[in-house]
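Values quoted throughout were computed directly from the atomic coordinates according to the rules given, and no laboratory measurement underlies them. Keep in mind that this is a model prediction, so the values were computed, not measured. Glycine also receives a Cβ, built like all others from the backbone with ideal geometry; neighbour counts cover every protein chain displayed.
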Amino acid sequence: MSKETKPRIVEGTFGRMQEVEDFLPSPEELVFTETPEMVKVTLMLHKETVDFFKGEAERLEAPYQMMIRNLLSEYVKRYQHA
């Protein structure tokens, strides 16, 4: 059975749901140098989230903060005018 046709097993009761297309960019797509106006904020993140971005940033030789910032910007672009 291929990965596309393999049934997914999900535990728990979730109610009515709709599957949506994955729109999040890959780590490689988060490394770009566009510099719009920025505002400095303090943000608490889960340790495993920061560890993931630090690992990907090291692999891609990019600042992890930029990758997080770009991910949030992509999310806003998608839903800003929805």
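Data overview
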quantity	calculated
Ranked Phe23, Phe32, Phe14, Phe53, criterion: other C-beta atoms within 10 Å, fewest first	Phe14, Phe23, Phe32, Phe53
Built amide H within the under 5 Å cut-off of Ala62, gap 5+	none
Spherically averaged projected area in nm², based on the convex hull that wraps the Cα atoms of the stretch 32-79	4.0 nm²
Exposure proxy ranking, count of Cβ atoms within 10 Å, fewest first, for Glu21, Glu61, Glu29, Glu74	Glu21, Glu61, Glu29, Glu74
